[in-house]
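Enquirer: A single structure is presented below for examination.
Laboratory data are not the source of any read-out in this text; all were calculated from the coordinates shown. Small disclaimer: the values here were computed from a predicted structure and weren't measured. Please note: Cβ atoms are built from the backbone with ideal geometry, for glycine as well, and neighbour counts cover all protein chains shown.
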Amino acid sequence: MVGELGGDVVAVAADLTVPTDVERLRGQVLERLGAPDIIVNCAGITGAQGLFHEIDDAGWQHTVETDLMSPVRLVRAFLPEMRERGWGRIVLLASEDAVQPYADEIPYCAAKAGVLALVKGLSKTYATEGVLTNAVSPAFIETPMTDAMMDKRAQQRGTSREEAITSFLEQERPGMEIKRRGKDVEAAAVVAFLCSERASFVNGSNYRVDAGSVQTI
């Protein structure tokens with residue numbers, strides 16, 4: 001991992017749904033690495049699934065706590081140093097679902113729509129202080145989260161994971177014209193661009209990495 005990232009890597013485990021964990025994370029990062037220049041929040045879960053009338057408050061709260069409040073807490077923890085220094089890059093991972101919701105995962109869709117509103121709000125508030133905020137919205141990327149989704153689908157249908165992926169693309173994501181799951185590096189490349197000086201005039205934008213899944217421009 002160190003070689004792939006090209007430098008020293010320090011891992012600090014934290015549950016972003018727990019405010020005291022976020023404070024501990026902040027303290028360790030500042031102590032071991034100093035004030036961050038870049039924040040990328042990609043922690044997320046599928047959350048409560050099912051039709052709207054089937055999902056209770058607990059399902060909603062767990063999904064929103066992880067997918068919306070986690071980036072809120074992370075940005076809040078490290079924003080003061082960026083403002084003080086007059087430079088920063090914030091990239092929050094949203095989803096195609098934020099603008100194209102699906103009936104069986106409305107809590108996730110609503111939380112990710114909230115992430116886009118958060119990005120736009122931050123971009124309006126802190127750009128004059130040198131802190132630029134943008135979003136990246138992937139669709140069906142090859143990750144442990146979508147592995148679990150496809151394993152569940154395969155079990156329900158009595159098929160292999162690959163067959164589950166193929167049927168999911170055909171039935172649930174027909175707009176993904178590149179008929180495969182995306183690679184994590186394909187989303188990461190856009191994140192890296194937004195964190196670089198080449199994106200110094202990009203602020204409050206949402207970059208889709210979705211193989212054309214979202215039906216509008």
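Enquirer: Most mobile of Gly175, Gly88, Gly114 per a Gaussian network model of the chain (Cα springs, under 10 Å)?
Expert: Largest GNM mean-square fluctuation: Gly175.
Enquirer: Can you list the HN-Hα couplings for segment 174-186, worked out from phi with the Karplus curve (6.51, -1.76, 1.60; θ = phi - 60°), rounded to whole Hz and with x for Gly and Pro?
Expert: x, x, 6, 5, 8, 6, 6, 6, x, 9, 4, 5, 6
Enquirer: Arranged by the count of other C-beta atoms within 10 angstrom, fewest first, what order do Val119, Val190 take? Show your work: numbers first, answer last.
Expert: Working: Val119 25, Val190 18.
Ranking Val119, Val190 by Cβ neighbours within 10 Å, fewest first, gives Val190, Val119.
Enquirer: Tell me the mean residue ellipticity at 222 nm calculated for the chain from its helices only (DSSP H runs of n ≥ 4, each -39500 (n - 2.57), averaged over every residue, nearest 500).
Expert: Details: 8 runs with 99 residues, N = 217.
So the helix-based figure for the chain works out to -14500 deg cm²/dmol.
Enquirer: Can I ask one more? In terms of modelled amide H atoms, which long-range or inter-chain residues lie less than 5 Å from the amide H of Ser137?
Expert: Answer set, sorted by chain and number: Ala94, Tyr207, Arg208, Val209.
Enquirer: Please list, in chain and number order, the residues 5+ apart from Ile39 or on another chain whose amide H is under 5 Å from its amide H, with Hs placed from the backbone.
Expert: Arg89, Ile90, Val91
Enquirer: Can you work out the Karplus-derived ³J(HN,Hα) for every residue in segment 103-110? Use 6.51 cos²θ - 1.76 cosθ + 1.60 with θ = phi - 60°, whole Hz, and x for glycine or proline.
Expert: Those phi angles translate into 5, 9, 8, 4, x, 4, 4, 5 Hz.
Enquirer: Per-residue HN-Hα couplings for segment 144-156, Karplus 6.51 cos²θ - 1.76 cosθ + 1.60 at θ = phi - 60°, whole Hz, x for Gly and Pro?
Expert: x, 5, 6, 4, 5, 4, 6, 5, 5, 5, 5, 5, 5
Enquirer: Also: Between Gln28 and Ser160, what is the spin-label point distance in nm, taking each point 7 Å from the Cα along the Cα→C-beta axis?
Expert: Inter-label distance under the simple model: 4.0 nm.
Enquirer: Using +1 on the beta carbon of Lys and Arg, -1 on that of Asp and Glu, and nothing else charged, what's the dipole of segment 150-216 about the Cα centre, debye to 20?
Expert: Numbers: 11 positive and 10 negative charges, 24 e Å.
Charge dipole, segment 150-216, about its Cα centre: 120 debye, nearest 20.
Enquirer: Between segment 50-93 and segment 198-217, what is the separation of their alpha carbon centroids in Å?
Expert: 19 Å
Enquirer: Ser213's amide H: which non-local residues (gap 5+, or another chain) put their own amide H closer than 5 Å, with H modeled 1.01 Å from N in plane and none for Pro or chain starts?
Expert: Those qualifying (amide H under 5 Å, at least 5 residues apart or on another chain) are Glu177.
Enquirer: Now a separate question. Over 29 Å between Cα atoms: which of Lys112/Lys179; Lys112/Lys183; Lys152/Lys183; Lys152/Lys179; Lys124/Lys179 fall into that group?
Expert: Lys124/Lys179
Enquirer: Now for a separate question. Highest first, please rank the peptides 103-113, 12-22, 124-134 by the mean number of other Cβ atoms sitting within 10 Å of their residues.
Expert: Averaged packing, sorted descending, gives the order 103-113, 124-134, 12-22.
Enquirer: In addition: How would you rank Glu81, Glu177, Glu23, going from fewest to most other Cβ atoms within 10 Å of each one's own Cβ?
Expert: Values: Glu81 16, Glu177 9, Glu23 13.
Least crowded to most crowded, the residues run Glu177, Glu23, Glu81.
Enquirer: How would Ile38, Ile217, Ile90 line up from fewest to most surrounding beta-carbon atoms within 10 angstrom?
Expert: Working: Ile38 16, Ile217 4, Ile90 27.
Sorted ascending by nearby Cβ count, the order is Ile217, Ile38, Ile90.
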